[in-house]
There are 2 protein chains.
Amino acid sequence: MINLYDNAFLEPILLNDLNEKWKRCARRIIISTTLSKSGHPGGSLSSLHTLISLYAVMKHDPEDLMFAERDRLILSIGHISPAVYSVLAEYGYFDEEDFFLGFRRAGHVFSGHVEMDVPGVEWNTGNLGQGLSVGSGVALSLRLKGIASKVFVHMGDGEQQKGQIAEARRFAAKYKLSNLVGIIDRNFLQIGGNTEEVMPTNIREEYLAAGWNVRYVPFGHDFSQILSAFKDIFIEYEPSERPTVLVMRTVMGHGVSIMENKAKYHGSVLSVDDAKATLKELGFAPEELDYWIERRNREDLAPKKYIHIDSLYPEILTGSPRLYTIDKKTDCRSAYGEALKDLAVANNIENLPKITGFSCDLETSVKMQGFRFICPYCFFEAGIQEHHAATAAGAMSREGLVTFFSTFGVFAVNETANQHRLNDQNKANLKIVSTHLGLDVGEDGPTHQAIDYIGIMQNIPGFSIIMPADANQTDRVIRYIASKKGNFFVGMGRSLLPTITKEDGVTPFYDLEYVFEPGKLDFLRTGDTATIISYGTILTNVMEAYKLLLIEGIKVTVVNAASISPIDRKTIINIAKNQPLLTVEDHFTHTGLGAIIKSIMAEEMISQKIKSLGVTKYGGSGKPQDLYALQGLDPKSIATELKRLITK
Amino acid sequence: MINLYDNAFLEPILLNDLNEKWKRCARRIIISTTLSKSGHPGGSLSSLHTLISLYAVMKHDPEDLMFAERDRLILSIGHISPAVYSVLAEYGYFDEEDFFLGFRRAGHVFSGHVEMDVPGVEWNTGNLGQGLSVGSGVALSLRLKGIASKVFVHMGDGEQQKGQIAEARRFAAKYKLSNLVGIIDRNFLQIGGNTEEVMPTNIREEYLAAGWNVRYVPFGHDFSQILSAFKDIFIEYEPSERPTVLVMRTVMGHGVSIMENKAKYHGSVLSVDDAKATLKELGFAPEELDYWIERRNREDLAPKKYIHIDSLYPEILTGSPRLYTIDKKTDCRSAYGEALKDLAVANNIENLPKITGFSCDLETSVKMQGFRFICPYCFFEAGIQEHHAATAAGAMSREGLVTFFSTFGVFAVNETANQHRLNDQNKANLKIVSTHLGLDVGEDGPTHQAIDYIGIMQNIPGFSIIMPADANQTDRVIRYIASKKGNFFVGMGRSLLPTITKEDGVTPFYDLEYVFEPGKLDFLRTGDTATIISYGTILTNVMEAYKLLLIEGIKVTVVNAASISPIDRKTIINIAKNQPLLTVEDHFTHTGLGAIIKSIMAEEMISQKIKSLGVTKYGGSGKPQDLYALQGLDPKSIATELKRLITK
């Protein structure tokens, strides 16, 4: 394990060693980027002294990547991958040869923006502005697990413009994350030129206004200054209740005369000749570049896989399911809240919790207040800061904590889709439980009605999509997803719903024997004329339509497709081969379940009558049932469409 | 026209009048929310003094809603609609009766969150944090048009937590928007309780750090104090180069003893009894509530339509198309940049520009530098602040300026989808031209590769989706969308592409005669065995596959579907009835063009062989053609799949 910070600050031998390390790493940055003919050498050199120093003082171990007490580095500016890979090679994480031959090359792990398939990398980044949120989530997780290690987040100065960073700053200050250390590479250059011309940002004032410690390093290419700042972090600031940011005044391209202080080298590389001149300037033989070019051009290079940092997931007790009888209507939100409480009771032993939750100023609406009451230390109120909350929750979900993120659909899906996309690329284990989906939102109107949650979430392929239809199914689904690794999206509406029953009209369909199974359709009723496939809130209207049709002597099959992704392809094919199909959803028809089923039918060359009912335009502001009626989704309209389908 | 600000400050008669207005408006807030049984009365009362004062000093005219010199109010906290509608009724925009009977009622315009269908409302809001960006876009537009009016943005204090506001603050300061005035209703309560417990925010320090004038109003329920602050705004601060924020210290529920300072009344309403007691407290007859309840319960109420504020759109000269010959490859990005320059030359007369552009620190990559050079005053560099930029550009596009918003697909689509959704609900005229779509992004890797742009954008139904296949088509498409009202998404990749030719291999297919037509498929080649439908960058690989197949004696039809939405349904039906189909796209197969075509086939009960090639998992970091090969999208794989399709 490498861990020098407790005794080695400012020792002359160390400084000398760091300078030698710098030369070797600078050489790697030049060689790798010129070899790949693309990449970001300027910012890599700007941050290089900092990264070398950081790995000298952090607790980390190339032989044991995931030891629990390691300090963490979240690299928010993923594009300075040449610097990161160079430093990781320097500290023994892999051979530089692999990096040189595989950098920015299809099939290889050494991507243009850092990815965790590379040993030592904690989190894939690339989209700017998310790193401080990741660091907050990890820092909170370490605290919950009683681990005293630090979390460093290395950021750019241009990146400070992203609003998500303002959100993360406030959150970290609110939760007194003294184990969180931001580092800003302040070189005053971004792609478009000088940061103060592109978008003036008073970085230090902004962090001060948010209640952070701010430490300025006047020259971020002087190891003494950098180590002195780290000493403050590790020793002086220890009892602090504030997060700290180090602002490192640096120079883009520092140490390479051709590149110094030129915005151009943010994203362009040295020519072979310039690279050779630079290698010479650094004290290396220029000819070695030819050697690497020749080797890289050979076509027999096989991509390597490495042991890398991966997510943790705990064993979860799912508790005893709750049964909701027909006596009263229940909203799925409340069933979620109750199940979450049960999970907390079953799994959250004080000082060693397993279940955590995030919300965004909607705790009561999303029914997390019971969970909060039981585990106040596991519930995180992120304020009206959804981008930050989505990312921080995603980061926590990889640290061995089963993390629930709940807010309205418009915020859980539409506003934060790109944050969840990065969570997904990081193989997080996030449980998004989104309430207030569809026209069922009602009076709050179109800005608050997510009518495209499947259409959006199915573009984030690692997320399963589950839409329970009543309180009983919700209860089982929540327990199920808590016990499973991976990303899940569970969606629900706002209204109270009747308990779905068996044909007898009394026994709950989703009884205590029921176990949720992904990719399984549930046959609620079986008829001989046509099949209605639906899910979620609107299934209640379908069940009403079923009754209306029955009065007219038409008995239809009613199927609940709670598992939208994965979908039960085989059963859908069987249904479509045998009966006309009506799909009904509180969702855009052209991007929802109807479209998924039609794709399957076309692929299977099935010619069958099918009609999709759903939302076809933005909703209005009014009672849900009135809004449904305006778009033909009331029980009577559904029944009418079914009759039209079977008679035409 | 109502416009008192030049002579009426602090006159006792006015103050008396305002107090009377307050009583009448408070009455309306109570009646409307109790009638609808839902809504936000607490925040409405918190902001009521401010709104009444604002309409007393702003230039506005209920008889001429859209007169150019009006001052604007953007209401960022859309949920205080009861206050807004009450004040608008007070100032003669509509009858209070319509509001009482239609508030939060399906089919009526008086939505729970303000919408521009209501006379006097400038912008639909509801999702918090977007208003200051809207105001920035409008303020910039007014300046470009030489109009000296002011833009007020009324915000909440909880809302200040949203990162997008930090972005808007910096942008407004950078562009010295002294005509922009933020107003913050500082009542220290949000849904979750005290703002300082939910998420501590040093509001005034944050605005100061961003370089704003900050004016504090110690008691925002005293008309004298409020008018005095407005006097500063209109008179004292006039020569300022800074935007100004007024922080109004207020009390939630002020003036109604049952509600004062209770977070509960953020989103819940008074019972009939409490409402009656409150009417009495305000000096009105409690019985009138019964009258309104009775009237509202009658079922014969027909929704009314009103004249309302709508978007402006100028006449645009499209200039002379440019022809790209087969001599060299051109990227669509560059063709976009050239067309945009031409549009600027043809339409942007100094002091009266019509074409504007926004980018986010990627000006050169998205090829806007030529446009910027010609019209520096029409180009807005928003920094790495995509959420703000998307909203500000959307707002500007409604002010009679044809506004282009360009950045990489991941930022133009994935990161900002919810901002564009609100633009769409506001019937904006935004031209999103997104570069760097698909695996074609190459070495920057999966975080930077948008592979779901159709899957996402088709959930925002007002946006047309157009994917040109070469430089010539791009040129015509850009000119076309500039000349048309409405929202457009035009997407392209990164690579240089050959010019698509006619069968002779020499003449450009999209020649000078070509006119882009929405909803039209282009037959590039006609064969007798099968049809390949494709679009955008990957069409180049399809054309190569076409040649490979031709060598083997297989002649296929090749169709370019540049217009994805609207789609040429009729032609797709014809094709599908006659030939096996292969769809090829640099996009997820399950949410892209392939899925759209399959839906059409299933709806039309067409049983035909179809295979969809496309992206099936996140891409890697490498050369685009290598990434294509890894997912079976290279010319050879396409040809092989086609053969498999026609032989199986």
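The values are calculated or read from the model by the stated rules, or taken from the named source; none is laboratory data. Quantities reported herein were computed from a predicted structural model and do not represent experimental measurements. Note that we place each Cβ from the backbone using ideal geometry, even for glycine, and neighbour counts take in every protein chain shown.
The single residue among B:474, B:447 that is closer than 30 Å to residue A:123 by Cα, polar (S, T, N, Q), touching a helix residue (DSSP H, G or I) at 6+ places or on another chain (Cβ under 8 Å) and assigned by TED's automatic domain parsing to the domain that holds residue B:356 turns out to be B:447.
Output the number of residues of region B:318-336 satisfying the condition of being assigned to a loop (DSSP other than H, G, I, E, B), of a type in the set (Asp, Glu) and under 15 Å from residue B:370 (Cβ atoms). Looking only at that region, the number is 0. Among the residues of region B:274-322, none is identified as touching a His at 6+ places or on another chain (Cβ under 9 Å) and loosely packed, with under 13 Cβ neighbours inside 10 Å.
If you go through region A:614-640 and keep only what is closer than 14 Å to residue A:532 by Cβ and of a type in the set (Ser, Thr, Tyr), you end up with A:637, A:640. For residue A:97, the criteria (1) of a type in the set (D, E, K, R); (2) in a helix (DSSP H, G or I); (3) buried (at least 21 other Cβ atoms within 10 Å of the Cβ) hold in every case but one, which is (3). Checking each residue of region A:447-463 against the condition of being charged (D, E, K, R), outside any strand (DSSP E or B) and more than 19 Å from residue A:587 (Cα to Cα) gives no match.
The residues in region A:477-496 that are within 23 Å of the chain's Cα centre (by Cα) and in a strand (DSSP E or B) can be counted, and the count is 5.
Within region A:516-554, the residues that satisfy the criterion of being crowded, with 16+ Cβ neighbours inside 10 Å and hydroxyl-bearing (Ser, Thr, Tyr) are A:529, A:531, A:534, A:535, A:537, A:540, A:546. Screening B:499, B:474 for residues that are outside any loop (DSSP other than H, G, I, E, B) and surrounded by 19 or more Cβ atoms within 10 Å (Cβ to Cβ) leaves exactly one candidate, B:474.
Sort out which residues of region A:624-633 are more than 34 Å from the chain's Cα centre (by Cα) and within 7 Å of chain B (Cβ to nearest Cβ), and write them in order of number. A:626, A:630 - these are the residues of region A:624-633 that are more than 34 Å from the chain's Cα centre (by Cα) and within 7 Å of chain B (Cβ to nearest Cβ). Taken over region B:139-162, the criterion of being more than 18 Å from the chain's Cα centre (by Cα) and either within 14 Å of another protein chain (Cβ to nearest Cβ) or aromatic (Phe, Trp, Tyr) (or both) is satisfied by B:152, B:155, B:156, B:157, B:158, B:159, B:160, B:161. The residue of region A:61-94 that is farthest from residue A:270 (Cα to Cα), among those that are of a type in the set (Phe, Trp, Tyr) and touching a residue at least 60 places away in the same chain (Cβ under 8 Å), is A:67. Candidates B:416, B:403, B:391: the one that is at the interface with chain A (Cβ under 10 Å from one of its Cβ atoms), in contact (Cβ under 8 Å) with a residue 24 or more places away in the chain and among the hydroxyl-bearing types (Ser, Thr, Tyr) is B:416. Of all residue pairs spaced 6 or more apart or on separate chains, those with beta-carbon atoms under 6 Å, a first member in region B:319-335 that is over 11 Å from residue B:498 (Cβ atoms) and a second member that is among the hydroxyl-bearing types (Ser, Thr, Tyr) and outside any strand (DSSP E or B) are B:332/B:474; B:335/B:474. Restricted to region A:577-621, and to residues there that are within 10 Å of chain B (Cβ to nearest Cβ) and among the basic types (Lys, Arg), the residue that is surrounded by the fewest Cβ atoms within 10 Å (Cβ to Cβ) is A:617.
Scanning region B:480-493 for residues that are among the β-branched types (Val, Ile, Thr), more than 28 Å from residue B:623 (Cα to Cα) and free of Cβ contacts under 8 Å to residues at least 24 places away in the same chain turns up nothing. Just checking, does region B:274-283 include any residue being in the same structural domain as residue B:195 (by TED's automatic domain parsing), among the polar types (S, T, N, Q) and in contact with a helix residue (DSSP H, G or I) (Cβ under 8 Å, 6 or more places away or on another chain)? Scanning region B:274-283, I find at least one residue that is in the same structural domain as residue B:195 (by TED's automatic domain parsing), among the polar types (S, T, N, Q) and in contact with a helix residue (DSSP H, G or I) (Cβ under 8 Å, 6 or more places away or on another chain), so the answer is yes. Somewhere in region B:180-197, is a residue touching a helix residue (DSSP H, G or I) at 6+ places or on another chain (Cβ under 7 Å), more than 30 Å from residue A:407 (Cα to Cα) and crowded, with 24+ Cβ neighbours inside 10 Å? Yes, region B:180-197 contains a residue that is touching a helix residue (DSSP H, G or I) at 6+ places or on another chain (Cβ under 7 Å), more than 30 Å from residue A:407 (Cα to Cα) and crowded, with 24+ Cβ neighbours inside 10 Å. Taken over region A:171-200, residues that are of a type in the set (Phe, Trp, Tyr) and either more than 23 Å from the chain's Cα centre (by Cα) or facing chain B (nearest Cβ under 8 Å) (or both) amount to 2. Candidates in region B:351-402 are the residues that are hydrophobic (A, V, I, L, M, F, W, C) and in a strand (DSSP E or B); of these, the one that is surrounded by the fewest Cβ atoms within 10 Å (Cβ to Cβ) is B:352. Which members of region A:420-444 meet the condition of being aliphatic (A, V, I, L, M) and either in the same structural domain as residue A:540 (by TED's automatic domain parsing) or more than 17 Å from residue A:394 (Cβ to Cβ) (or both)? Those that are aliphatic (A, V, I, L, M) and either in the same structural domain as residue A:540 (by TED's automatic domain parsing) or more than 17 Å from residue A:394 (Cβ to Cβ) (or both): A:437, A:439, A:441.
Just one residue in the set A:263, A:229, A:277, A:210 is aliphatic (A, V, I, L, M), within 14 Å of chain B (Cβ to nearest Cβ) and out of contact with any Gly (no Cβ under 7 Å at 6 or more places or on another chain); that residue is A:210.
Residue-wise test of (1) among the aliphatic types (A, V, I, L, M); (2) farther than 23 Å from residue B:141 by Cα.
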| site | (1), (2) |
| --- | --- |
| B:41 | no, yes |
| B:47 | no, yes |
| B:50 | no, yes |
| B:54 | yes, no |
| B:68 | yes, no |
| B:71 | no, no |
| B:74 | yes, no |
| B:77 | yes, no |
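Of the residues making up region B:592-648, those that are of a type in the set (Val, Ile, Thr) and closer than 17 Å to residue B:568 by Cβ are B:596, B:597, B:600, B:606, B:610. Kindly provide the set of residues from region B:236-279 that are within 30 Å of residue B:179 (Cβ to Cβ) and in a helix (DSSP H, G or I), ordered by number. Answer for region B:236-279, where residues must be within 30 Å of residue B:179 (Cβ to Cβ) and in a helix (DSSP H, G or I): just B:236.
Condition check ((1) within 14 Å of chain B (Cβ to nearest Cβ); (2) among the basic types (Lys, Arg); (3) not in a loop (DSSP other than H, G, I, E, B)) across all residues:
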| residue | (1), (2), (3) |
| --- | --- |
| A:84 | yes, no, yes |
| A:93 | no, no, no |
| A:105 | yes, yes, no |
| A:118 | yes, no, no |
| A:123 | yes, no, no |
| A:137 | no, no, yes |
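Summed over region B:397-428, the residues that are β-branched (Val, Ile, Thr) and within 12 Å of the chain's Cα centre (by Cα) give a count of 3. Counting the residues of region A:160-178 that are buried (at least 24 other Cβ atoms within 10 Å of the Cβ) and either closer than 15 Å to residue B:163 by Cβ or of a type in the set (S, T, N, Q) (or both) gives 13.
Consider region A:419-446 and keep the residues that are part of a helix (DSSP H, G or I) and closer than 19 Å to residue A:562 by Cα. The one that is farthest from the other protein chains (Cβ to nearest Cβ) is A:440.
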